[in-house]
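Everything on this sheet refers to the single structure shown next.
The values are calculated or read from the model by the stated rules, or taken from the named source; none is laboratory data. Fair warning: this is a prediction, and the values are worked out from it, not measured in the lab. FYI the Cβ positions are ideal-geometry reconstructions off the backbone, even for glycines, and counts take in every protein chain you see. Calculation scope for accessible area: heavy atoms of the full protein, side chains included, ligands and nucleic acids excluded. Shrake-Rupley method; radii C 1.70, N 1.55, O 1.52, S 1.80 Å.
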Amino acid sequence: MDQYVIKGGNPLHGEVEIGGAKNAALAILAAAVMADETITIENLPNVRDINVMLQAIENIGAYVERVDVHTVKINGSFIHGFTVDNEYIRKIRASYYLLGALLGKYNNAEVALPGGCAIGTRPIDLHLKGFRALGAEVEIRHGMVAAQARALCGTSIYMDKVSVGATINVMMAAAMAKGRTTIENAAKEPHVVDVANFLNRMGAQIRGAGTDVIRITGVSKLHHAEYSIIPDQIEAGTFMFAAAATGGDVTVKNVIPKHLEATSSKLADIGCRIEEFDDAVRVIAKRPLKHTQVTTLPYPGFPTDMQPQMGVVLGLASGTSIITESIFENRFKYVDELAKMGANIKVEGGNIAIIYGVDRYTGARVSAPDLRAGAALVIAGLAAEGITTIDDIYYIERGYEDFDEKFRSIGGIMQKVSSEKEIQKFKLKIIS
Ligand code: UD1
């Protein structure tokens, strides 16, 4: 099993190029099969979840051509099946986007119930409520979600809770429904807007994405398009927090600074200097950092996907910080791992972390509990004294491309290894 081995304590310095947003890309790949013409998608991150999604759409007959690692051509005209299931697709959350895409295009879809990181119960009731409101019959049987309709008809849908996945999924299905659909209390995340822009590029008529109310006029056909995915705000934020934790000076490039405002503002609160450019953000950090309070919220609030990385940084700030997790109920699993490195954090009621800052972390053997928590432990390892080994990096590779290489390019000392012998070799190299 692959691991990361990290020698911490080096302030990170330099520039790092940010890739395309994984969560936007997953939905866009699903939406791409809705056209019967060729779609070209650029700035695709080369990460495991994306490859699982490409495999899934290829399995149902779509033409998929990987032009290069970050570009793919997809043509949905060859699709011959509406059932999506394999052991890999069951592990990713975004498999549910194939429900909205296939239901919208063919009025028929059967997809394995979504998996994804175990960060909470993660129901999909709002997705199903939306499909039903559009006129589909939806059933869960044998671990699959089956949705069928004679015809989808536009309607007005109120989301009881702000959900990124449900908003995008219903938007996709409604893009090819008859008539007008209104989604109220819609999610406003940048990737909701990106998917809407992509669908519009294919000929859909979607207005209001990025606000609370999305209005869709259904069209009967979608056509060819070329599209470049937005930069990944979570990848960018992860490197920004790594700069803070190590007392470094890092510029994230190829980003949309507006998407990073919640992260930048919290970093400024704890004493980092932030410089914004047109498509880059520089974080200059000097320890000690100051304590603060954070609550995760839907966009434009502080993202839940940045919460573990923030927790690791606050663990090194002076005084007592508080994080309230309001989106998912099981997102503090990194706390036990971080305790092995010397952190002093208490979790109360499952969703509040009280963080008593310590001067330093010390290297330890830890394991990644999920994708973002795993990334947070890498940050802790880079800041810690001594050597950290991280197990289960499979999770991290679901969402970060060339993670170790990118950290090395800004002065991090870390390597991906697959045996005890390689760890020893790494240690010897560090000493010499
Ligand atoms: C997406 C992201 C995930 C991110 C999350 C919040 C993908 C593949 N994943 O997940 O990385 O952490 O947005 O920004 O894009 N809920 C319901 N019923 C539903 C759907 C959601 O109750 O039908 C609840 C969830 O349990 C959660 C909240 O709504 O408490 C928000 O979840 P949602 O925005 O849907 O998250 P995902 O789309 O699963």
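Between Asp269 and Thr320, what is the label-to-label distance in nm when each label sits 7 Å out along the Cα-to-Cβ direction? So the two model labels end up 1.7 nm from each other.
A straight chain from His13 to Glu385 at 0.36 nm per residue would run longer than the Cα-Cα distance by 132.2 nm.
For the chain, averaging the sequence separation of C-alpha pairs within contact (under 8 Å, six or more residues apart) and dividing by the residue count gives a relative contact order of 20 percent.
The trypsin sites (Lys or Arg not before Pro) of the range 80-160 that meet both conditions, a loop assignment by DSSP and at most 13 other Cβ atoms within 10 Å of the site Cβ, are Arg150.
Applying both filters, DSSP loop and at most 12 other Cβ atoms within 10 Å, to the GluC sites (Glu not before Pro) of the range 65-119 gives Glu87. Entry note, the range 131-188: relative contact order of 35 percent, from Cα contacts under 8 Å with a spacing of 6+ residues.
On the accessible surface of the chain, probed at 1.4 Å, how many percent belong to carbon and sulfur atoms? Summing carbon and sulfur atoms, their accessible area is 48 percent of the total for the chain. Annotation: amide H-H contacts under 5 Å for Asn344 (H modelled 1.01 Å from N, sequence separation of 5 or more, or interchain): Tyr356, Val358. Need one word for the range 341-400: rounded, prolate or oblate. Basis is the Cα gyration tensor (sqrt eigenvalues a ≥ b ≥ c); a/c below 1.5 gives rounded, then a/b vs b/c decides. Oblate, since a/c reaches 1.5 and b/c is not below a/b.
Annotation for the range 299-355: trypsin sites (Lys or Arg not before Pro) lying in DSSP loop with at most 13 further Cβ atoms inside 10 Å of their Cβ do not exist.
Cα centroids of the range 277-309 and the range 132-165: 35 Å apart. Taking every pair of distinct Cα atoms and averaging 1/r, then inverting, what Kirkwood hydrodynamic radius in Å comes out for the range 223-368? Kirkwood radius, the range 223-368: 15.7 Å. Per residue, the chain exposes an accessible area of 39 Å² to a 1.4 Å probe, with every protein chain left in place. Helix 233-246 and the longest principal axis of the Cα set of the chain meet at an angle near 10°.
Please list Ser220, Ser326 in order of solvent-accessible area, largest first, computed with a 1.4 Å probe with all protein chains present.
On the way: Ser220 110, Ser326 60 Å².
Of Ser220, Ser326, the descending order of accessible area is Ser220, Ser326.
Protection proxy ranking of 47-58, 347-358, by the mean of other Cβ atoms within 10 Å over each peptide's residues and highest first, is 47-58, 347-358. With the cut-off at under 18 Å, measuring from each backbone N in the range 29-54 to a point 7 Å along the Cα-to-Cβ line of Glu65 picks out 32-44, 54. With the highest mean first, a sort of the peptides 24-31, 153-160 on other beta-carbon atoms found within 10 angstrom per residue produces 24-31, 153-160. The modelled label-to-label distance between Ser409 and Asp359, using points 7 Å beyond Cα along the C-beta direction, is 3.6 nm.
For the range 315-392, the relative contact order works out to 32 percent when only alpha carbon pairs closer than 8 Å and six or more residues apart are counted. Take every DSSP beta bridge whose two residues both sit in the chain; close to 70 percent of them are antiparallel. Residue-wise HN-Hα couplings along the range 134-148, as the Karplus relation 6.51 cos²θ - 1.76 cosθ + 1.60 with θ = phi - 60° gives them from phi, are 7, x, 8, 9, 10, 9, 10, 9, 6, x, 10, 9, 10, 10, 9 Hz; Gly and Pro carry x. Specify the angular offset, from 0 to 90 degrees and rounded to the nearest 10, of the alpha carbon long axis of helix 164-175 from the longest principal axis of the alpha carbons in the chain. Rounded to the nearest ten degrees, it is 20.
When each of the peptides 247-255, 204-212 is scored by how many other beta carbons lie within 10 Å of its residues on average, the order from highest to lowest is 247-255, 204-212.
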